[in-house]
Amino acid sequence: MPHQDLLLPSEWIQRWSDLVPSGGRVLDVACGAGRHLFWFAGRGHQVTGVDRSAAALAGLPADFETLEADIENGPWPFEGRQFDAVVVTNYLWRPLLPRIVASVAPGGVLLYETFAQGQETIGKPSRPDFLLQPGELLRAAAALRVVAFEDGFMEDPARFVQRIAAVRETGASHLAPPRHPL
């Protein structure tokens, strides 16, 4: 049985989920057992999850849109689709970063949290391929408006992380700037 903390939504995702437009469509990339899918569905959102593990997806409700796909070795299965939120946690495949950002709809949000350089000094993952470089999420999300960004060490459990909450501006009137609640 998975550790209980692995079933709870990330505190970062919970904190910034109010940025997702009401009733919006949420894509969870590398969703695993669906902890964030359950979180957003419970908040009234339409959810889509993609993972390469059929076993992980098998436990998800039939009303969740799920797709078993190897997004690292196959085509991006959401080409031409955009979502009101794209969520990524504990996953990094650099070639997908531009597609992930492009999948954020106007007015939508990117919520991303994963391991960063420094993690190799305390545990896994330890390969540089799976650790963000300083400021890497900021560069990847340059087309979006950053609402929050963190890059550093966290306790309990001990880990180095980088995380971002960034919105795609709608191009609406500059007379009334968007209000992204903090």
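Observations on the structure shown:
- Candidates per GluC sites (Glu not before Pro) in region 73-182, loop by DSSP, up to 11 other Cβ within 10 Å: Glu79, Glu155
- Cβ-based exposure ranking for Trp16, Trp39, in which fewest neighbours within 10 Å come first: Trp39, Trp16
- For Val104, net neighbour charge (Lys/Arg +1, Asp/Glu -1) across residues whose Cβ lies under 14 Å away: +2
- Across region 1-156, the mean sequence separation of Cα contacts (distance under 8 Å, 6 or more residues apart), normalised by length, yields a relative contact order of 18 percent.
- Based on the convex hull around the alpha carbon atoms, the chain presents an average projected area of 10.7 nm².
- Here is the list for region 1-89: trypsin sites (Lys or Arg not before Pro) lying in DSSP coil, each with at most 16 other C-beta atoms within 10 angstrom of its C-beta, are Arg43, Arg52, Arg81.
We did not get these values from a lab; they are worked out from the coordinates using the rules stated. Predicted, not measured: the structure shown is a model, and the values here were computed from it. No Cβ is skipped: glycine too gets one built from the backbone with ideal geometry, and neighbour counts run over all protein chains shown.
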